[in-house]
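The values are calculated or read from the model by the stated rules, or taken from the named source; none is laboratory data. Predicted model only: the values in this text are computed from it and were never measured. Here the Cβ is made from the backbone with ideal geometry for all residues, glycine too, and neighbour counts use every protein chain on show.
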Amino acid sequence: MSDWDYLAEDISDWILKYAEQNNISTLVVGVSGGIDSAVTSTLCAKTGMKTIVINMPINQDVSQYDLSNQHIEWLTSRWSNVEGHIIDLTETYEIFRSKLTDYNVSELSMANTRARIRMSTLYALAGSNNGIVVGTGNKVEDFGIGFYTKYGDGGVDISPIADLYKSEVYSLAKSLEIIQSIQDASPTDGLWNDGRTDEEQIGATYEELEWAMKEIENPSPASKLSDRQIEVMEIYLKFNRINSHKMNPIPIYMLNR
């Protein structure tokens, strides 16, 4: 076994132990067609526990929808403890959107609403199956630039891959033999009708952001940074600053007792 095989086993064991310690019988995962949710759902399947994986399209790009379904079919063909479902939330979203037409709600807010509707769906299923919602965020997203929706895909019970850099998620995906088309797909949050990628939204690749995150921990002399590296660092720090409210504990007013 490779080191990545051992890591997969270790994370799956960690998930199982947490569930057993908390009397949980079901794992619920939203599957987007991306690498993070594919790896997370596979790690859940390997626990042997009942694992519910859900494709939740909302005006979804066809390629994302298809990749999600392909992954669900791959999972259910390999693990009998996995059940997969498609819950089309497009109508729910459009009805919700129609109620806000008079309130000048921004497109970004509506994009985040998609993630929050999905979160509510996952919790409805988890709550009905003595389950927990398993998060799919990686280290760069969850603790670097805060590239997730607060109380959307950030609303989870456990986060099995949140200490893994994106490159490590890809290595784990290769070890787990995740469908190659998912490994090759451009990362996207799936919240926009035009199918825009994460790189297009952020302005940097995950490889570059991972470099910036590590660079902050062990800085190089400024004179050795290229113009692009300086630009990437500025992008990273900007996202880290504006999204700090997601990554930090909720502020609480404390009485002076």
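Within region 77-93, the residues that satisfy the criterion of being of a type outside the set (A, V, I, L, M) and in contact (Cβ under 8 Å) with a residue 12 or more places away in the chain are R78, W79, N81, E83, G84, H85, D88, T90, T92, Y93.
Residue-by-condition table, conditions (1) surrounded by fewer than 12 Cβ atoms within 10 Å (Cβ to Cβ); (2) among the aromatic types (F, W, Y); (3) out of contact with any strand residue (DSSP E or B) (no Cβ under 6 Å at 6 or more places or on another chain); (4) more than 18 Å from Q201 (Cα to Cα):
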{"position": "L100", "(1), (2), (3), (4)": "no, no, yes, yes"}
{"position": "N104", "(1), (2), (3), (4)": "yes, no, yes, yes"}
{"position": "R118", "(1), (2), (3), (4)": "no, no, no, yes"}
{"position": "T136", "(1), (2), (3), (4)": "no, no, yes, yes"}
{"position": "G146", "(1), (2), (3), (4)": "no, no, yes, no"}
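Just to be sure I understand, how many residues within region 20-54 are more than 20 Å from the chain's Cα centre (by Cα) and either acidic (D, E) or outside any loop (DSSP other than H, G, I, E, B) (or both)?
3
Looking only at residues of region 16-31 that are crowded, with 23+ Cβ neighbours inside 10 Å and either at pLDDT below 95 or among the β-branched types (V, I, T) (or both), we find that the one that is farthest from W192 (Cα to Cα) is V28.
Per the conditions (1) under 23 Å from M119 (Cα atoms); (2) in contact (Cβ under 8 Å) with a residue 60 or more places away in the chain, the sole criterion not satisfied by L164 is (2). If you go through region 49-85 and keep only what is hydrophobic (A, V, I, L, M, F, W, C) and either surrounded by 14 or more Cβ atoms within 10 Å (Cβ to Cβ) or in contact with a Phe, Trp or Tyr (Cβ under 7 Å, 6 or more places away or on another chain) (or both), you end up with M49, I52, V53, I54, M56, I58, L67, I72, W74, L75, W79, V82.
Screening T90 with (1) in contact with a Pro (Cβ under 7 Å, 6 or more places away or on another chain); (2) within 22 Å of Q183 (Cα to Cα) gives one miss only, at (2).
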